[in-house]
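Asks: I'd like to ask some things about the structure below.
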Amino acid sequence: MSRKVTKAIFPVAGLGTRFLPATKSIPKEIMTLVDRPLIQYAIDEARAAGIKEFIFVTSRGKGALEDYFDHAHELEASLREKGKKDLLDTLRATNMESGAIAYIRQHKALGLGHAVWCARRLLADEPFAVILTDDVILGEPPCLQQMIEAHEETGGSMVATMEVAADKASSYGVLDVAEDMGAIVRARGMVEKPAPGTAPSNLAVIGRYILAPTVMQNLNKLRAGSGGEIQLTDAIADEITEGRDVFGLRFRGQRFDCGSKIGFLQATVAFGLERDELKGEFSDYLSNLMSVRRAAE
Ligand code: UTP
């Protein structure tokens, strides 16, 4: 049995250049799918998985993200006065317990591995989760919970994986599979953004990780890797080289890459269609739109 995972790191210090000009003044994580910012989806997933401490690795210009978690006393008082109970509940569901959130600064965007390493002093000798808010996942149970349940069986480190087409593998970290046990695979290696045609499998790593504390020690030693950045993938691959276990979980659910425009648009449609109060009118709108476009072609 491995130790319980109660801390999660949310690296949110990236530049978000794919969403310029919006990200000139808005942190990417505050952009909304329907009416909830990306960060709220990530927090809800972490809470559902039993995470108690939330560590944000932030950077310059992310003030709006820190403010988002403050209790909005005036707004709550006004909604209470007006008897708007539903809105009050929605607002309260975003409140975080005092002391549950910590903010650490990454002074320069040196890569995901470096961002995770910045949180090293907030962790004891314990496994921890890393959640990339760009990856929004529709899944039941939520993806991180699936991983924590699997990790309780396996121990070691675990990454969430999904199958991708061969021509897409070079955009991801990819697992070299030693043993395929169905939902769980044991990794023999891991490569960040393999050159086209060289990917060791079609299992791509997406933005959910449960990592052994030794991964932090590996990050201490790392230099810049693929793309000139300090890569988390390299620190996880070092676990395997040093004889420790790394597993991949084929999670059940749908992942949206909300760090890209197309992924963000797809997620907006998918999450809009999930909402009871929107799905009727929204699906009619989409069907009509498609019919009009087809007729015009
Ligand atoms: P990405 O490279 O996908 O995001 O990093 P980005 O750099 O913010 O966006 P683009 O590519 O310029 O549009 C994946 C995750 O790692 C975090 C990002 O915030 C994002 O959540 N990250 C990346 C850091 O926290 N620090 C870094 O130095 C790099």
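Asks: Report the charge-dipole magnitude of the chain in Debye, nearest 20, computed about the Cα centre from +1 at each Lys and Arg Cβ and -1 at each Asp and Glu Cβ.
Replies: Magnitude of the dipole: close to 740 debye.
Asks: Now, a different point. Given LYS28/LYS261; LYS52/LYS261; LYS24/LYS108; LYS168/LYS193, which pairs have Cα atoms separated by over 21 Å? Please report the intermediate quantities before stating the final value.
Replies: Numbers: LYS28/LYS261 11 Å; LYS52/LYS261 31 Å; LYS24/LYS108 16 Å; LYS168/LYS193 10 Å.
Flagged as over cut-off: LYS52/LYS261.
Asks: Describe numerically, in nm with one decimal, the distance between label points set 7 Å from Cα along Cα→Cβ at GLU76 and at ALA270.
Replies: Using points 7 Å along Cα→Cβ, the separation is 3.3 nm.
Asks: What dipole magnitude, in Debye to the nearest 20, does the stretch 96-190 give about its Cα centre under +1 on Lys/Arg Cβ and -1 on Asp/Glu Cβ?
Replies: Numbers: 7 positive and 14 negative charges, 135 e Å.
Roughly 640 debye, rounded to the nearest 20.
Asks: Now for a different question. Sequence gap at least 6, Cα distance under 8 Å: using those rules, report the relative contact order of the chain to the nearest whole percent. Before the final figure, lay out the partial values.
Replies: Values: 537 pairs, mean separation 65.9, N = 297.
The value is 22 percent.
Asks: Another one. Run lengths n ≥ 4 of DSSP H only: what is the helix-derived mean residue ellipticity at 222 nm for the chain, with -39500 (n - 2.57) per run over all residues, to the nearest 500?
Replies: When only DSSP H runs of four or more count, the value is -10500 deg cm²/dmol.
Asks: If you take the charge dipole of the stretch 228-297 about its Cα centre, with +1 on Lys and Arg Cβ and -1 on Asp and Glu Cβ, which of LEU232, PHE251, GLY280 is farthest toward its positive end?
Replies: The listed residue farthest towards the positive side: GLY280.
Asks: Step through the residues of the stretch 243-257 one at a time and calculate ³J(HN,Hα) from phi using the Karplus curve (6.51 cos²θ - 1.76 cosθ + 1.60, θ = phi - 60°), rounding each to whole Hz and writing x for Gly and Pro.
Replies: Once rounded to whole Hz, the list reads x, 9, 7, 10, 10, x, 10, 7, 6, 9, x, 10, 10, 10, 8.
We did not get these values from a lab; they are worked out from the coordinates using the rules stated. Bear in mind the structure is a predicted one, so any value in this text is a computation, not a measurement. Note: ideal-geometry Cβ built from the backbone for every residue, glycine included; neighbour counts use all protein chains shown.
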